[in-house]
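Structure first, commentary second.
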Amino acid sequence: MLVIGGIALDITATVGKSLGSSILHTSTPGHVRQSLGGVGRNVAEAAWRTGANVKLVSVVGDDLAGESVKQGLKSISMNTEYIYTLKNQPTAVYNALHSEDGQLVAAVADMNIFDSMDSSKIISILQREKPNFVCFDGNITSQMMKTIVTTCQELDIPTLFEPTSVPKSLKLFEFAETTKAQAVKYTSPNQFELEAMCDTIESNLILSNTLKKKKEVTDSILSVKLENAPKLAHLALPNAFYLSQFIPNVITKLGEEGCLYVGKNAVVEYFPPELIQSNEIVNVTGAGDCFVGTLIANLQKNANANMSVNVLRSIICNSQMASIRTLKSSKAVSDKISSDLLF
């Protein structure tokens with residue numbers, strides 16, 4: 001399996017307890033931690049810890065952060081064969097400010113280096129490796145997405161698109177060749193990315209003319225019943241159904257309210273969240289990435305199987321457990337994620 005996407009140095013600042021005043025426009029006591037990060041890297045490590053045979057394709061700069069990131073990967077025995085160093089480029093950095101309870105207050109992400117990834121190298125890697133599964137994230141360019149999807153279509157390789165953020169989720173629709181290739185078989189948006197992706201499809205005449213209208217889809221799911229599902233799942237359902245006409249397997253991450261699976265053949269299932277106490281949450285960074293990593297590890301293992309609803313149910317439940325383990329960890333990927341989550 002290949003994961004193509006972002007690798008970064010994460011710098012996380014957590015405000016000290018009981019400050020009782022604004023943290024803006026001033027220096028604030030707290031704790032600062034550096035760790036390996038980046039959506040693609042987090043996904044790849046989680047997949048690797050789950051038991052997948054995975055290689056990460058990414059780039060770093062020729063700076064101290066780049067060396068630190070590569071050494072960090074080597075220290076946990078991850079493959080670095082396709083981590084390329086670009087001269088005169090800064091390594092990607094994700095700089096986050098967290099409240100004392102671990103919730104995100106603000107963040108700055110410098111991911112410009114991924115605009116310089118070489119499409120010809122990606123084609124060469126795909127043709128040489130011939131992986132049975134590919135995952136790519138929204139940090140790469142829309143041009144790179146087109147390269148990946150069209151090459152994977154030619155090689156008959158299924159892919160998963162991890163949107164990463166609302167603006168980055170829309171890159172998938174910038175080129176007609178990307179949308180026509182139909183190699184993207186899975187996607188894992190949150191509810192905001194899901195809505196933005198659907199709005200973009202609906203406003204694109206070429207795309208929307210090949211699909212049922214959104215209102216038709218909404219009318220067709222009136223009979224669908226989500227057992228014990230929260231309001232958020234019901235709100236996401238029409239959009240997930242609409243997107244499933246374009247990407248046949250839509251797994252919508254609903255944060256603390258679980259997740260929703262919608263398949264193109266009208267298969268719908270709501271998954272309640274795994275239990276965790278609020279005082280057990282150490283860090284929210286990476287939880288969604290670990291969900292995707294364990295998900296693709298299981299999809300890779302079952303790539304050639306006739307996947308039943310029961311198998312998919314087990315895979316998603318295990319993926320949620322990976323998120324829980326990371327929420328309890330100070331790292332972006334918990335070292336407690338292991339092959340017991342491989343179904």
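The values are calculated or read from the model by the stated rules, or taken from the named source; none is laboratory data. All values reported here derive from a predicted model rather than from experimental measurement. No Cβ is skipped: glycine too gets one built from the backbone with ideal geometry, and neighbour counts run over all protein chains shown. Surface accessibility is based on the protein's heavy atoms, side chains included, excluding ligands, DNA and RNA. Shrake-Rupley method; radii C 1.70, N 1.55, O 1.52, S 1.80 Å.
Things worth noting here:
- The range 119-218, dipole about Cα centre (Lys/Arg Cβ +1, Asp/Glu Cβ -1), debye to the nearest 20: 160 debye
- Surface share of carbon and sulfur [accessible, 1.4 angstrom probe, percent] for the chain: 51 percent
- Equivalent ellipsoid semi-axes - Cα gyration tensor, the chain, angstrom: 30, 25, 20
- Dipole of the chain [Lys/Arg +1, Asp/Glu -1 at C-beta], most positive-end residue of Q34, S99, L194: L194
- Partner lysines for K171 [C-alpha distance under 17 Å; skip if fewer than 8 residues away on the same chain]: K146, K180, K185
- Derived scalar couplings between HN and Hα for the range 257-264 equal 9, x, 8, 10, 9, 9, x, 4 Hz in order, rounded to whole Hz, by the Karplus curve 6.51 cos²θ - 1.76 cosθ + 1.60 (θ = phi - 60°), x for Gly and Pro.
- A simple spin-label model places pseudo-atoms 7 Å from Cα toward Cβ; at S339 and V267 they are separated by 2.7 nm.
- Prolate/oblate/rounded label for the range 98-174 (Cα gyration tensor, a/c 1.5): prolate
- The magnitude of the dipole of the chain, with charges of +1 and -1 set on the Cβ of Lys/Arg and Asp/Glu and taken from the Cα centre, is near 480 debye.
- Residues whose placed amide H lies under 5 Å from that of S58, excluding near-sequence neighbours: I83, Y84
- The simple spin-label model puts a point 7 Å past each Cα toward its Cβ; for N310 and D62 those points are separated by 5.7 nm.
- Per-residue ellipticity at 222 nm computed for the chain from its helices equals -11500 deg cm²/dmol, with DSSP H segments shorter than 4 residues left out and the rest contributing -39,500 (n - 2.57).
- Take every DSSP beta bridge whose two residues both sit in the chain; close to 45 percent of them are antiparallel.
- Extension gain for the segment K87 to A107, taken as residue separation times 0.36 nm less the Cα-Cα distance, is 4.6 nm to one decimal.
- Protection proxy ranking, peptides 269-281, 127-139, average beta carbon neighbours within 10 Å, highest first: 127-139, 269-281
- Estimated distance in nm for a label pair at N79 and E227, the labels positioned 7 Å out from Cα along Cα-to-Cβ: 4.1 nm
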